[in-house]
Amino acid sequence: MASTVLTYDARAKTWRPKPVDLAKSTVQDEVCFIFLEDGNWFKDTCTEAKRRKILEPFQVPDILSSDLCVELNGYFGCRSSLSDEGNLIGLSTWFRILTKRVLKPGETKLHGGKAYLWYEMAFFALWSISGTARVLCIGTPPEMKVRIEQELQTRPAFNPNDPFAMLHPILDEVVRVCDDSTWRVAKRVRGIEKNRKVGPDFEELHDHARHARHLVESETVAIETMERMIMQQNVNFELLRSRFDTTYPIQSKEYMAFQLQMMKSLRSRAQATLDRLNGEVTLAYNTLASNDNRIMKSITILAMVFLPATFVAGLFSTTFFSFAENDGLIAQDDYSVSVSARRNIHPVSEDVEPRFLLTAPVVT
């Protein structure tokens, strides 16, 4: 599968891109970022054996090649190698973060009419004390590779003694992608709040609530992943204490804590968006119920106004008149209204049935 490699030239202290087919060859560069952006190919088309072959150079567990791990909503893991003296000499790291991007009207045409896209980002890193530092990025948005390349060109140097040094720019871009996904839904909700007079579209409200719920879920898992990374970072610095000065570990920890805090803020925004959507749904239902109540009141008033006239018109219908030839229209000679009532409280004889007869003579 066509991929892109950003490899580091130590002599020139710069990063250079080059194409590579991960299905046919293995990347040999010691320090590089590898981008396999077609996450659907890795997940749906690529067999488990091919996945295992692609991940084999990163010394990760075979279970990461299974359908189980390519369907999970997030994870973090690592495998450390120590010397006889207890120093860290090698580390394999893997983590997965998901986000859901709601597409704008002009973007749907570019993606076959889809209303949203899932970015199921998986990262696999291999580090060794001898100078190896490779990171494989799967299922990332195209702009992530562009921004990382721009960042590396601006600040090409990194500390090769830090196993997580190459993960800092990746986490920056993960936060950017999640930020974009979160605000896309939040802006849609704001548009709904501004157009309440148009009337609620319950299907649209349901879809946006589903998107917001997915964002809350994925960002919650991302926070747990980053918290686990911070714990491992502390272990790394403890095992590599002799290779750093006093300042670098502190600054590295502070920056990753800042990245974690940004992700927590995004999760709070996603949760607030979901709460606002639930409020809009409740308001829409209450508005419809209020409108139905007003309609029923109107019907009742109309019935009270027109029912007496309707009753009189029915009472004095055509049977009230007599149509005699050459005599014109005259009223019936005998017109009566009968009202009967049965006694149901005390039993009475079957052959006795009380009846009240009201007879009204009609003057012709």
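Observations on the model:
- Residue 247 vs. criteria farther than 27 Å from residue 271 by Cβ and either buried (at least 16 other Cβ atoms within 10 Å of the Cβ) or not acidic (Asp, Glu) (or both): yes
- Taking residues in region 75-104 that are within 11 Å of residue 125 (Cβ to Cβ) and without any contact (Cβ under 8 Å) to a residue 40 or more places away in the chain, and partners anywhere that are in a strand (DSSP E or B) and of a type in the set (A, V, I, L, M), the pairs with Cβ atoms closer than 7 Å and at least 6 places apart or on different chains are 92/126.
- Some residue of region 159-176 being surrounded by 15 or more Cβ atoms within 10 Å (Cβ to Cβ), touching a helix residue (DSSP H, G or I) at 6+ places or on another chain (Cβ under 6 Å) and closer than 30 Å to residue 105 by Cβ: yes
- Residue match in region 18-38 (condition: exposed (fewer than 15 other Cβ atoms within 10 Å of the Cβ), assigned to a helix (DSSP H, G or I), of a type outside the set (D, E, K, R) and free of Cβ contacts under 8 Å to residues at least 40 places away in the same chain): no
- Considering region 89-116, and only residues there that are in contact with a Phe, Trp or Tyr (Cβ under 9 Å, 6 or more places away or on another chain) and aliphatic (A, V, I, L, M), the residue that is farthest from residue 218 (Cα to Cα) turns out to be 91.
- Odd one out for residue 159, checked against (1) among the polar types (S, T, N, Q); (2) more than 24 Å from residue 3 (Cβ to Cβ); (3) assigned to a helix (DSSP H, G or I): (3)
- Residue count for region 62-111, restricted to those that are assigned to a helix (DSSP H, G or I) and crowded, with 17+ Cβ neighbours inside 10 Å: 4
- Close contacts from region 235-260, counting a first residue that is at pLDDT below 95 and a second that is assigned to a loop (DSSP other than H, G, I, E, B) and of a type outside the set (A, V, I, L, M, F, W, C), with Cβ to Cβ under 6 Å and a gap of 6+ residues or different chains, come to 243/161.
- Of all residues making up region 134-143, the number that are surrounded by fewer than 22 Cβ atoms within 10 Å (Cβ to Cβ) and within 23 Å of residue 26 (Cα to Cα): 2
- Check on residue 57, assigned by TED's automatic domain parsing to the domain that holds residue 91, over 17 Å from residue 124 (Cα atoms) and touching a residue at least 12 places away in the same chain (Cβ under 8 Å): no
- Candidate set from region 1-17 (those that are touching a residue at least 40 places away in the same chain (Cβ under 8 Å) and surrounded by fewer than 16 Cβ atoms within 10 Å (Cβ to Cβ)); member that is nearest to residue 58 (Cα to Cα): 17
The values are calculated or read from the model by the stated rules, or taken from the named source; none is laboratory data. Predicted model only: the values in this text are computed from it and were never measured. Note: ideal-geometry Cβ built from the backbone for every residue, glycine included; neighbour counts use all protein chains shown.
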